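The structure appears right after this line, and notes come after that.
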Amino acid sequence: MPENNLKRLLIITILISLFFLVIPASANTGWEKTVISLTGTDAQGGMISGDNIVYLGSEGFNQSMNRIYLYSIKTGEQEIIGIPEPEMTVTGQRVSGDYIVWFETTAIEYDMNSGENNPNKICLCSVGEVSKKVLKTPGTAEWPKIHGKKIVYSIIPGSSSNCSLYIYDIKMEKSEQLIDISPDADNAGIIFDGDNIAWQDGEGLFIYNIESGERTTAYSSVYGNKSGSNVGSFDLNGDYLVYLRHIVEYEGPDKGMYDLPSLYTLSTGETKLISPKTEEYVSSLHSDERKLLVISPFTDGRRIGWAYSDNSPDSTIVLLNPSTGGISTIPVNGSVSQIFMEDGRIVWSESHFPSFSSQLVYAEENGKNPVPSPGFTSIGCILALSASLVILLITGRW
């Protein structure tokens, strides 16, 4: 090949290379994970608020060994903030802002003898506080939920009475009754978010608005001879109530059980069914999707999500933005449960077969700030060099 042609080919190659240098690299949209639980501790129920994560740690069958832990995302340090009194255990931890709440109840020991139950105690402390404060609530109060400076808790029903929900004002240090709900309601699963409280019982999934006093049915359970459905786990934040519709087919080609992610929008009253794997809005699931193990729906008010497993020890966490349709996933090498999300940050419990204990994993989205493109100075240098090469090529001086 003539020397001039070789030079021209070299210049063209350089120009193409410089062109790609100007194009900024795409941002890394993965997730950075951190294991935050202690070795030998079964970590459960992690919740994020600001720079802190609160979770429950247990070390065996003896529930009196349960502890409430506080983990600092900034420093990576953690401390025990909740230790039960003798013959008691701690559970039901929740956090909002700098306030942390949980309750103490009678421990179920591995070798305990039968005896009378001790009264429950709802405990409150702030980040940085050494001591806890016991609220003035009845001895049957349980499962506190906190939002801002308000705490919602339930009173254990008697043999025939309904369960009562109360709200406690931290500043005023007093309670008032809100509403009676069914005695078979899942008190542990109640969600308190701003003006709204959501719960589920055998009849369905319900929302109560504190300000208006209005009670709304988000989903009614179905009981039939051929099929039935009720609500499994759910989560509420802002305008979104995401839940799993547990469906049972008693006969026919689709006989079996499966869970269908569902989204209820509070402002419109609209319900949408979602494929757990393709994240598309659907009217029903295909047979292969019904074989998925779907668990732990969650939302931070902007995105909704859940996790699924496809006949393997691994899991996939799915995130969907209902307003934009944006989708992202987090692959997990293990089984996940109890997923919680706040402002694009996620915490979950993760276990690995054959262990029965779980560790707590925190993940935050990296790539929020795209890799910077070359500045004006670097771009100017690249363009100037390109122009010089073009001139040399045209004039035949190179």
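The values are calculated or read from the model by the stated rules, or taken from the named source; none is laboratory data. None of these values were measured; they are calculated from a predicted model. Cβ atoms come from the backbone with ideal geometry, glycine included; neighbour counts cover every protein chain shown.
The figures follow:
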item	result
Check on T137, more than 27 Å from F340 (Cα to Cα) and among the β-branched types (V, I, T)	yes
Flag if I295 is under 16 Å from G344 (Cα atoms) and either of a type in the set (D, E) or assigned to a strand (DSSP E or B) (or both)	no
Restricting segment 28-62 to residues that are of a type in the set (S, T, Y), in a strand (DSSP E or B) and touching a residue at least 40 places away in the same chain (Cβ under 8 Å), the residue that is surrounded by the most Cβ atoms within 10 Å (Cβ to Cβ)	Y55
Hey, K272 loosely packed, with under 12 Cβ neighbours inside 10 Å, of a type outside the set (S, T, N, Q) and in contact with a strand residue (DSSP E or B) (Cβ under 8 Å, 6 or more places away or on another chain) or not	no
Close pairs (6 angstrom Cβ cut-off, 6 or more residues apart or separate chains): at positive phi in segment 131-143, surrounded by fewer than 14 Cβ atoms within 10 Å (Cβ to Cβ) anywhere	W143/A188
Complete set of residues in segment 265-276 that are assigned to a strand (DSSP E or B) and either under 15 Å from L292 (Cα atoms) or in contact (Cβ under 8 Å) with a residue 60 or more places away in the chain (or both)	I274
Close pairs from segment 164-179: first in contact (Cβ under 8 Å) with a residue 60 or more places away in the chain and closer than 19 Å to Y99 by Cβ, partner not polar (S, T, N, Q) and not in a strand (DSSP E or B), Cβ under 8 Å, at least 6 apart	I170/K149
From the options V222, V231, residue that is touching a Phe, Trp or Tyr at 6+ places or on another chain (Cβ under 6 Å), without any contact (Cβ under 8 Å) to a residue 40 or more places away in the chain and not basic (K, R)	V231
From the options S220, S131, S161, residue that is within 30 Å of I80 (Cβ to Cβ), among the polar types (S, T, N, Q) and surrounded by fewer than 16 Cβ atoms within 10 Å (Cβ to Cβ)	S131
Positions within segment 227-285 being at pLDDT 95 or above, out of contact with any Leu (no Cβ under 6 Å at 6 or more places or on another chain) and acidic (D, E), in sequence order	D235, E270
Residue list for segment 223-264, filter: exposed (fewer than 14 other Cβ atoms within 10 Å of the Cβ) and either part of a strand (DSSP E or B) or touching a His at 6+ places or on another chain (Cβ under 7 Å) (or both)	Y223, G256, M257
Matching residues in segment 169-189 - criterion: being small (G, A, S) and under 12 Å from T137 (Cα atoms)	S175
Strands (runs of 3 or more DSSP E) completely within segment 129-190 that count 2 or more residues being farther than 23 Å from I68 by Cα	163-169, 174-181
Leading residue by the ranking (modelled with the lowest pLDDT) among those in segment 310-327 that are surrounded by 13 or more Cβ atoms within 10 Å (Cβ to Cβ) and under 21 Å from L241 (Cβ atoms)	I327
